[in-house]
Amino acid sequence: MEIKKVCVLGGSGFVGQHVVSQLCERGYEVHVPYRNINRAKRLTVLPTVSMVEADIHDPAVLKNLFQGVDAVINLVGILHEGKHGAFQRAHVELPRKVVEACRATGVKRLLHMSALGGDPDGLSRYQRSKGEGEALVRAAHGEHLAVTVFRPSVIFGPEDHFLNLFARLLWWTPIFPLGSPNAKLQPVYVGDVAQAFAASLNNPATFGQRYELCGPTVYTLQELVEYVAKVKGLKRSVIPLSGGMSSLQSILLGLMPVKMLTHDNYLTLKTDAVCACPFPEIFGIQPVALEAEAPLYLAGVQPPRFKRFIDEKR
Ligand SMILES: NC(=O)c1ccc[n+]([C@@H]2O[C@H](COP(=O)([O-])OP(=O)(O)OC[C@H]3O[C@@H](n4cnc5c(N)ncnc54)[C@H](OP(=O)(O)O)[C@@H]3O)[C@@H](O)[C@H]2O)c1
């Protein structure tokens with residue numbers, strides 16, 4: 001099987017933009033369906049990318065998108081469930097439709113993004129839906145469809161949804177009450193994740209495999225938040241909350257119109273997102289340390305209103 005043309009679902013997202021860019025660098029022709037051009041427009045400058053607005057939840061549309069494609073990469077995922085059933089739709093129903101569309105159109109290669117902690121019996125709805133989706137994709141692996149699954153810990157990099165969020169929140173308050181302070185995480189660099197996807201695409205040794213992706217160091221959430229404050233030069237007291245208070249905080253924050261943290265996120269954090277093994281050797285990657293990259297992009301993070309003010313003054 002020689003892969004030349006790849007369709008990337010979720011290509012407009014944080015990880016997606018890095019994956020698409022890696023694929024372009026390696027000479028693949030990349031096809032990216034999107035639902036919001038404002039999120040996707042940065043990809044239009046990449047040389048071998050074609051883009052189309054599409055409803056990827058419509059099985060007929062999906063089959064149409066996969067015609068003439070050699071491989072599909074599914075990165076679609078959400079962290080917060082706006083409407084009830086959204087996790088199931090994005091993490092379970094869509095992967096099922098993707099597998100069916102691959103079969104119907106003769107696509108022979110599928111790379112699927114799961115998450116560390118994804119488990120049909122997990123504590124949170126996020127984990128259960130990720131686990132169910134992963135299981136059904138893995139079950140589809142066989143003679144006609146070569147599947148590879150990736151399970152990263154939390155992913156960091158410019159525009160991540162994690163360190164950047166804390167960098168913004170820390171700005172506002174000298175005292176920062178932190179829920180789930182002892183949760184253990186092993187952040188992995190987005191560039192390493194993207195390289196693993198791109199390297200796996202044409203490598204038969206990765207067919208049928210599932211890879212956990214982590215960076216070199218395990219941290220508690222408290223250590224990470226304190227690190228962000230230090231990098232930003234902010235003197236902050238990060239107050240660790242007990243289990244009960246963490247749960248209550250997540251319920252209250254979940255009621256806010258802008259979702260930063262929900263009770264489901266709190267339940268997800270009860271399972272440590274750490275890898276059992278080092279970064280898979282097969283990809284030939286020495287994972288980037290958080291301390292080597294994060295200060296470079298966190299330095300530019302400003303609270304939104306302040307940034308707009310600065311932009312206007314330029
Ligand atoms: N970031 C992490 O720390 C992390 C850790 C472990 C696993 N993951 C997994 O990695 C994948 C990518 O995450 P990310 O951080 O890049 O997230 P992201 O920036 O929010 O991107 C998600 C992508 O999925 C698309 N999408 C989301 N819901 C959709 C829906 N209902 N229908 C169609 N498209 C939809 C988004 O489209 P729009 O651009 O239109 O919104 C976007 O292209 C996800 O599967 C996530 O679960 C991420």
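Residues considered: CYS24, CYS7. Of these, the only one that is touching a residue at least 40 places away in the same chain (Cβ under 8 Å), hydrophobic (A, V, I, L, M, F, W, C) and either in contact with a strand residue (DSSP E or B) (Cβ under 6 Å, 6 or more places away or on another chain) or away from the ligand (no atom under 14 Å from the Cβ) (or both) is CYS7.
In summary, VAL99 fulfils each of the numbered conditions (1) modelled with pLDDT of 95 or more; (2) within 21 Å of the chain's Cα centre (by Cα); (3) open to solvent by 40 Å² or more (accessible area, probe 1.4 Å) with the single exception of condition (3). Please go through the range 98-118 and give me each residue that is within 11 Å of the ligand (Cβ to nearest atom) and not in a loop (DSSP other than H, G, I, E, B), ordered by number. Correct list: HIS112, MET113. Of all residues in the range 43-60, exactly one satisfies the criterion of being surrounded by 14 or more Cβ atoms within 10 Å (Cβ to Cβ), away from the ligand (no atom under 11 Å from the Cβ) and part of a helix (DSSP H, G or I), namely PRO59. Within the range 1-29, track down each residue that is in a strand (DSSP E or B) and open to solvent by less than 10 Å² (accessible area, probe 1.4 Å). Scanning the range 1-29 gives VAL6, CYS7, VAL8, LEU9. Candidates VAL137, VAL147: the one that is more than 15 Å from the ligand (Cβ to nearest atom) and open to solvent by less than 10 Å² (accessible area, probe 1.4 Å) is VAL147. Within the range 161-180, restricting attention to residues that are crowded, with 20+ Cβ neighbours inside 10 Å and part of a loop (DSSP other than H, G, I, E, B), the residue that is nearest to the ligand (Cβ to nearest atom) is SER180. Per the listing ALA40, ALA90, ALA71, the residue uniquely more than 15 Å from the chain's Cα centre (by Cα), within 13 Å of the ligand (Cβ to nearest atom) and surrounded by 14 or more Cβ atoms within 10 Å (Cβ to Cβ) is ALA40.
The values are calculated or read from the model by the stated rules, or taken from the named source; none is laboratory data. Here the structure is a predicted model, which is why all the values come from computation and not from measurement. Backbone-built Cβ (ideal geometry, glycine too); neighbour counts: all protein chains shown. Each accessible area value is taken on the protein alone, full model and side chains, heavy atoms only, with ligands, DNA and RNA left out. Shrake-Rupley method; radii C 1.70, N 1.55, O 1.52, S 1.80 Å.
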